[in-house]
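Coordinate-derived values only; no laboratory data. Because the structure is a prediction, the values reported are computed rather than measured. All Cβ positions, glycine included, derive from the backbone under ideal geometry; neighbour counts span all protein chains shown.
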Amino acid sequence: MGKSRANSDNTINSPISVKVLKNAETDLPTLSHVSSMVNTLPDKQQGLCFNLFHHHLQKKIEDHLCDSDNPYDWVTCALLGIRNLGTEYFKRSENRKQQFIGCWPDIFKWLRAMLNVQDSFEDGLLFWSFAAEATRICLSLHQDVLHEDEVVEFAVRCWIGRQGKDGEDYYTEFPLMACLSVLLTGEQQRGVDLATSGYRIEKALDACDLDISDFASAFVTRLAQRINKSEHTTRMGELPFAMVGLPQTLGLIVRLRWLRFIPAVVNPKVGRCLVAALQVVVDEYPPSPDRLLTINSLLSVIQCSLLLQDVDFAVAIVERGFLGCVIKIAAFELTTPLPGVSMTCDVLNSFLPYLVFSDMVVACRRAFEVLHNHQAQLRLLKETKEEFQHRLIDLENVTLEYNIFLRLTNAGFAPERGICANRACSKKGFRSEFQKCAGCSFILYCSQSCQRQDWDWHRNHCKKLTTSSRNILRDRYIRFPRRLASFYIHRHLRQILAPFSDTIKSQKSFPSNVVVSLNYLTYPASVQVYERTVFLQAQIESDGGHFATVAHEVHRQNDEETHGLMVIINFHTHSEMEIPCVIHYDDVWSRGVSIPNESLKYEGPGIPTSDKEGRPLICPDYDALRAGVVLTKKFAFESGESVWAESVLEKSTSEVLKEFARELEMCKGAGA
Ligand SMILES: [Zn+2]
Ligand SMILES: [Zn+2]
């Protein structure tokens with residue numbers, strides 16, 4: 001029978017005889033033939049074939065293992081038959097559906113057994129397509145089983161996959177995707193805390209002796225592989241589908257709020273990868289039917305990752321061109337709404353707190369510069385909804401202000417001040433002149449001998465710090481937000497510390513009994529003032545060893561004499577991410593500046609041409625930062641370039657710095 005196979009290959013819809021079906025019970029080539037052509041048969045015959053396949057799958061694993069050199073050949077043929085019948089066959093009637101449900105334990109028994117011995121198959125891909133199709137059928141007809149621990153474990157194993165003898169990476173994400181979507185709808189219906197669903201995956205990982213990082217890194221590697229492949233395939237190729245499964249699986253994980261997973265994938269490499277995937281899908285032509293869902297999945301993964309406050313991740317996605325992607329999505333979103341709630345505006349908002357980090361300021365500046373040089377993108381932007389355009393303009397304005405501040409500080413503007421923590425010394429100076437305590441990286445000393453003298457006093461606080469407290473104090477990104485905080489607090493000092501204005505006037509220092517909390521989640525940053533003892537009590541009760549250390553740095557001698565203001569910087573919704581720091585009184589940099597305006601005729605759009613009293617705009621009421629912003633817009637308008645052009649930014653910041661020539665000179669003299 002095996003040799004005559006070719007004769008019947010072209011038969012379409014012609015019934016096969018009862019004799020052939022009978023033969024297929026004992027003859028492998030016949031079975032192989034039947035299973036390969038089953039989808040061309042009339043409906044009734046397909047039913048008979050199904051019984052044949054089920055018959056083979058019902059055999060016990062041990063029986064098969066001993067009766068042939070290739071024990072899995074029979075099963076492979078039977079599974080191939082089931083796969084070829086496919087979802088469509090089992091969906092045709094309730095009876096068929098019940099057939100599948102009845103057969104599932106046998107299908108699953110073999111899939112599990114085969115997963116362990118895939119190397120013995122000639123065609124490594126077959127198993128993976130069985131696994132994918134079988135779970136696809138379950139997803140549409142037999143969802144309950146996708147809840148079962150052993151199926152979840154199977155799905156995880158299929159996702160981890162294996163390295164084939166040929167060096168290829170064999171895996172399929174489909175069983176995992178099926179399980180995740182059933183877990184998600186199940187949990188939603190039952191109102192179970194979603195966070196526990198991630199635990200199901202973790203349990204499965206445990207059973208496979210794997211941890212989350214193995215699981216997560218597989219996503220990164222494979223997503224990168226597929227994107228890489230996309231650069232070598234034509235747009236019409238197989239790629240669009242390949243790009244669908246991984247992003248959607250990631251999207252499901254995010255929607256399940258599997259909290260331990262996201263930190264495992266939030267790093268710059270993944271960020272670049274996600275944006276690259278988004279670019280492939282956004283530009284995909286012709287668009288695959290799953291395109292919108294895939295875009296949404298990728299956006300929600302990025303959005304969720306941004307909540308974790310990983311600065312490197314945020315910088316990486318901006319550098320990789322995320323802004324351009326979001327504009328494209330926002331543009332076609334108007335005509336083709338994405339499923340679910342639109343995320344484009346929210347995603348822009350999540351960038352705001354990151355802008356207080358200098359790397360992000362630089363990355364966003366480049367991104368806006370690219371945007372302004374890109375006519376097609378500017379045209380697209382005009383097609384987006386108004387709310388999106390407003391959010392983008394807000395983001396651009398904040399970027400501009402912070403960019404100018406970064407340029408000013410890089411040129412020596414507003415250097416930070418500090419004080420030697422040794423009470424017997426208390427030398428004041430610029431922060432750069434001091435050394436930090438090696439233990440906490442926070443307390444400053446003017447010399448090693450001062451540190452030795454102070455150690456008896458400081459050691460208690462320094463040694464009590466936990467690792468997480470230390471990490472918070474050492475936050476490598478804190479410098480720029482701290483300098484910005486110092487500028488804002490001095491700018492608004494009268495309002496912020498209104499009840500204590502006497503102290504400020506008379507002593508040129510901060511009042512001793514306050515803590516100022518600055519929240520960068522909004523623009524302008526929101527400010528709250530706390531009574532120091534109340535605030536500290538609450539902090540120290542929760543964890544707060546580092547708060548105590550900082551408080552002692554501020555109040556070295558007694559409650560009457562303070563050396564700085566304790567400021568809590570916040571750019572996260574979680575309070576455990578609050579970073580305390582100390583700023584010292586120095587009001588010379590926040591004064592108003594008047595910048596000579598050679599071109600009084602100038603009238604630019606959206607920029608004030610006169611101040612509140614109607615005087616021509618020469619920035620009398622503008623401090624360095626506002627003057628910088630206004631001048632940049634003015635110079636950009638005059639030169640016809642964007643505010644991001646280097647020549648424009650350079651010109652405006654140097655105008656501002658000229659105003660501070662005397663102060664800058666004094667700092668140099670002081671060795672700052
Ligand atoms: Zn220390
Ligand atoms: Zn000292």
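Quick notes on this one:
- Table column - 3J(HN,Hα) (Hz), the stretch 444-454, Karplus curve with 6.51, -1.76, 1.60, x for Gly and Pro: 9, 9, 7, 7, 5, 5, 5, 5, 4, 4, 8
- Of the three principal axes defined by the Cα atoms of the stretch 417-585, the extents in descending order read 41, 38, 28 Å.
- Full extension of the chain segment joining F430 with R591 gains 56.0 nm, where the gain is 0.36 nm per residue of separation less the Cα-Cα distance.
- Of the beta bridges in the stretch 417-585, as assigned by DSSP with both residues counted there, near 75 percent are antiparallel.
- Each of Y171, Y199 was scored by other Cβ atoms within 10 Å of its Cβ. Arranged with the fewest first, they read Y199, Y171.
- For the set K427/K463; K109/K203; K44/K109; K44/K229; K428/K634, the pairs lying more than 31 angstrom apart at their alpha carbons are K44/K229; K428/K634.
- Residues R474 and S449, FRET efficiency given R0 of 30 Å [Cβ-Cβ distance, rounded to 0.05]: 0.80
- Net lengthening on full extension, D144/L334 (0.36 nm per residue, minus Cα-Cα): 64.6 nm
- Phi-based couplings in Hz for the stretch 508-519 (Karplus 6.51, -1.76, 1.60; Gly and Pro marked x): 6, 9, 7, x, 7, 9, 10, 10, 10, 10, 10, 10
- Order of K19, K59 - criterion: other Cβ atoms within 10 Å of each residue's Cβ, fewest first: K19, K59
- Using θ = phi - 60° and Karplus 6.51 cos²θ - 1.76 cosθ + 1.60, couplings along the stretch 251-263 (whole Hz; Gly, Pro as x): x, 5, 4, 5, 5, 6, 6, 7, 5, 7, 6, 4, x
- By the beta-carbon count within 10 Å of each Cβ, the least crowded to most crowded order of V315, V270, V341, V220, fewest first, is V341, V220, V315, V270.
- Model label points for D166 and N51, set 7 angstrom from Cα along the Cα-to-Cβ axis, are 3.8 nm apart.
- Under 22 Å of direct C-alpha separation, and excluding same-chain neighbours fewer than eight residues apart, K328 reaches these lysines: K382, K385.
- Environment charge at A330 (Cβ cut-off 9 Å; Lys +1, Arg +1, Asp -1, Glu -1): 0
- Long-range tail of P(r) for the stretch 290-440 (Cα pairs > 28 Å, %): 34 percent
- Estimated distance in nm for a label pair at V529 and N349, the labels positioned 7 Å out from Cα along Cα-to-Cβ: 2.9 nm
- A Förster radius of 35 Å combined with the Cβ-Cβ distance from A224 to K464 puts the calculated FRET efficiency at roughly 0.20.
- Per-pair calculated FRET efficiency, R0 = 30 Å: R92 and V18 via Cβ, rounded to 0.05: 0.85
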